[in-house]
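S.K.: Here it is, the structure, as structure tokens.
Computed from the coordinates by the stated procedures, all read-outs in this text should not be read as laboratory data. Computed from a predicted structure; not experimentally measured. Because the Cβ atoms are built from the backbone with ideal geometry, glycine has one as well, and the counts that use them run over all protein chains shown.
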Amino acid sequence: MAAKKEKAAEGEKIYTIPLRDAYRKAHKKRTPHAVKLIEKFLKTHTKADTIKLGSRLNEEMWRRGIEKPPRRVRVKVIVSEKTAKAELMGHDYTEFKAAKKKEKKDIKEKLMERMSQKAAKKEELEKQIEGKKEKPEDDKVDKTIIEKQIEEDKKERMEEKAVTV
């Protein structure tokens with residue numbers, strides 16, 4: 001792993017890191033392995049305990065996907081208090097934070113969401129057609145009355161069946 005080191009301002013070092021060893025891995029493991037190679041390279045050369053990669057460097061590594069990381073990367077490293085902050089050459093260091101994972105909804109939740117949206121659209125359409133803003137509460141039918149009526153209808157049907165049999 002030979003690398004070129006150029007002079008820069010105090011506390012800054014510029015490295016060209018070879019990543020050709022990443023191509024020895026399986027296709028779907030190359031870019032993560034290349035990131036590990038960068039961290040390993042910087043630990044040995046800067047003698048820092050923690051390595052932080054900048055957002056531009058991360059974007060450059062993942063730009064062509066998981067299968068094709070770059071063959072080499074030019075990196076500017078700033079070492080301070082046993083931490084090395086690496087960023088792509090020509091850019092200032094900006095901290096990289098991984099995006100939070102979105103919670104996946106169940107099928108039932110998705111369906112309820114869709115149904116509620118459709119119901120809301122339907123209500124709006126009905127309001128426009130009728131020209132009414134809302135129905136008064138007096139017109140609303142009590143659910144218990146409907147349930148009692150349904151039970152009575154069931155009893156009548158059962159009686160009719162019993163008589164016919």
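S.K.: Nearest 10 degrees is fine. How inclined is helix 143-164 to the longest principal axis of the chain, computing both from alpha carbons?
M.R.: Result, in degrees: 60.
S.K.: Just to be sure I follow: if Rg is taken over the C-alpha atoms of region 45-110 and Rh is the Kirkwood radius over the same atoms, what is Rg/Rh?
M.R.: Value, to two decimals: 1.17.
S.K.: Using only Cα atoms and rounding to the nearest 10 degrees, what angle (0 to 90) does helix 107-130 make with the longest principal axis of the chain?
M.R.: Compared with the principal axis, the helix lies near 60 degrees.
S.K.: Show me the trypsin sites (Lys or Arg not before Pro) within region 65-119 that DSSP assigns to loop and that have at most 16 other Cβ atoms within 10 Å of their Cβ.
M.R.: Here the sparse-neighbourhood loop sites are Arg71, Lys82, Lys97, Lys100, Lys101, Lys102, Lys104, Lys105.
S.K.: Follow-up. Angle, helix 30-46 long axis vs. longest principal axis of the chain, Cα atoms, 0 to 90°, nearest 10?
M.R.: With both axes taken from Cα atoms, the answer is about 40 degrees.
S.K.: Measuring from centroid to centroid over Cα atoms, what is the spacing of region 143-165 and region 69-116 in Å?
M.R.: The two parts, judged by their Cα centres, are 63 Å apart.
S.K.: Oh, and also: Taking the Cα-to-Cβ direction at Lys104 and at Glu81 and moving 7 Å from each Cα, how far apart do the two end points lie in nm?
M.R.: The answer from the label model is 4.1 nm.
S.K.: Full-extension gain between Val163 and Lys68, please, as 0.36 nm times their residue separation minus the C-alpha to C-alpha distance.
M.R.: Going from the current span to full extension adds 26.2 nm.
S.K.: Still on this structure, please answer the following. Counting every Cα pair in region 14-165, what percent are over 23 Å apart?
M.R.: Counting pairs separated by more than 23 Å, the tail of P(r) holds 65 percent.
S.K.: Same structure, new question: Tell me which chymotrypsin sites (Phe, Trp or Tyr not before Pro) from region 1-101 have a DSSP coil assignment and no more than 16 other beta carbons within 10 Å of their own.
M.R.: Phe96
S.K.: Using a Förster distance of 30 angstrom, determine the FRET efficiency expected from the C-beta separation of Lys43 and Met89, and round it to 0.05.
M.R.: That pair, Lys43 with Met89, gives E of 0.95.
S.K.: A follow-up question, please. If you take every DSSP beta bridge whose two residues both sit in the chain, what share of them, in percent to the nearest 5, is antiparallel?
M.R.: 80 percent
S.K.: I've got another one for you. Of all DSSP beta bridges located in region 5-88, what percent are antiparallel, nearest 5?
M.R.: Of all bridge pairs located within region 5-88, approximately 80 percent are antiparallel.
S.K.: Per Stokes-Einstein, at 25 °C and 0.890 mPa s, what whole-number D in µm² s⁻¹ belongs to region 5-88, with the Kirkwood radius over Cα pairs as the hydrodynamic radius?
M.R.: Once the numbers are plugged in, D ends up at 190 µm²/s.
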